[in-house]
Each structure stands twice: as structure tokens, then as C-alpha cells.
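The structure under discussion appears below in the form of C-alpha cells.
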Amino acid sequence: MVVFFARPAMPDVEKEAVRLRLARWLAVALEFALAADILRTAIAPSWEDIGKLAAIATLRTLLNFFLQREIETAALHQEGVRSAGTPHRPPAAASAGQG
């Protein structure tokens, strides 16, 4: 019964890897959704459809930009952790323990 309630703790590096994998798939999904909206508007465009497409394209492009930036930052962080061989603690947490 304990197995259902207590999950083994994953190391932070593994959690980050799962999060990055999910983020990459989300970025791909955003690109496909944008392509689908462009194709739908190309079939029978009206000015209202073109305006909606512009708003959707802007929002999805911004989401994808920030998501990609987060992926790159996290990937660099992971490489730093792997090369150092020790888990990285943020400066605030590291200085809080030195009292």
C-alpha cells in the first residue's frame, strides 16, 4: 500500500531532464498548431480571420521564444551540473546555510 503513496525521490537532474523533454515537445506542438492555423486561414481568409491569425501567431511565437530560451538555459545548467559532478545550489540557499 505504501508504494501507491510514497514515490521514490528523483534526483534534480532527472527531474530537469523530464521537464526539458516535455518543453521540447510543447515547442513542437506550438509550431504545428501555428501551421494548422495558417493553413486554415489560407483556405478562406477574411479580414477577421487574418487579424485572429496575426494575434495567435504573435502569442504562439512569443511563447515559443521564451520556452526555447528556458530550454537552452536549463540545458546549460544541466551541462554545468554534470561537468561539476555536484548538485548546484542557488547562491541564496548556499549563503543561508553559512550562518
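The values are calculated or read from the model by the stated rules, or taken from the named source; none is laboratory data. Note that the coordinates shown come from a computational prediction; the quantities given were computed from them, not determined experimentally. FYI the Cβ positions are ideal-geometry reconstructions off the backbone, even for glycines, and counts take in every protein chain you see.
Inspect all residues belonging to the stretch 48-66 and state whether any of them is of a type outside the set (Phe, Trp, Tyr), at pLDDT 85 or above and within 10 Å of the chain's Cα centre (by Cα).
Yes, the stretch 48-66 contains at least one residue that is of a type outside the set (Phe, Trp, Tyr), at pLDDT 85 or above and within 10 Å of the chain's Cα centre (by Cα).
Is it true that some residue in the stretch 15-37 is modelled with pLDDT under 85, surrounded by fewer than 10 Cβ atoms within 10 Å (Cβ to Cβ) and of a type in the set (A, V, I, L, M)?
Within the stretch 15-37 (the criterion being modelled with pLDDT under 85, surrounded by fewer than 10 Cβ atoms within 10 Å (Cβ to Cβ) and of a type in the set (A, V, I, L, M)), the answer is no, since none of the residues qualifies.
Only one of (1) modelled with pLDDT of 85 or more; (2) out of contact with any Asp or Glu (no Cβ under 8 Å at 6 or more places or on another chain) is not met by Ala42, so which one is it?
For Ala42, the failing item is (1).
Find the residue count for the stretch 25-69, including only residues that are hydroxyl-bearing (Ser, Thr, Tyr) and touching a Leu at 6+ places or on another chain (Cβ under 8 Å). Show your work before the answer.
So in the stretch 25-69, the residues hydroxyl-bearing (Ser, Thr, Tyr) come out as 41, 46, 58, 61.
Cutting the leftovers down to touching a Leu at 6+ places or on another chain (Cβ under 8 Å) gives us 41, 61.
Of the residues in the stretch 25-69, 2 are hydroxyl-bearing (Ser, Thr, Tyr) and touching a Leu at 6+ places or on another chain (Cβ under 8 Å).
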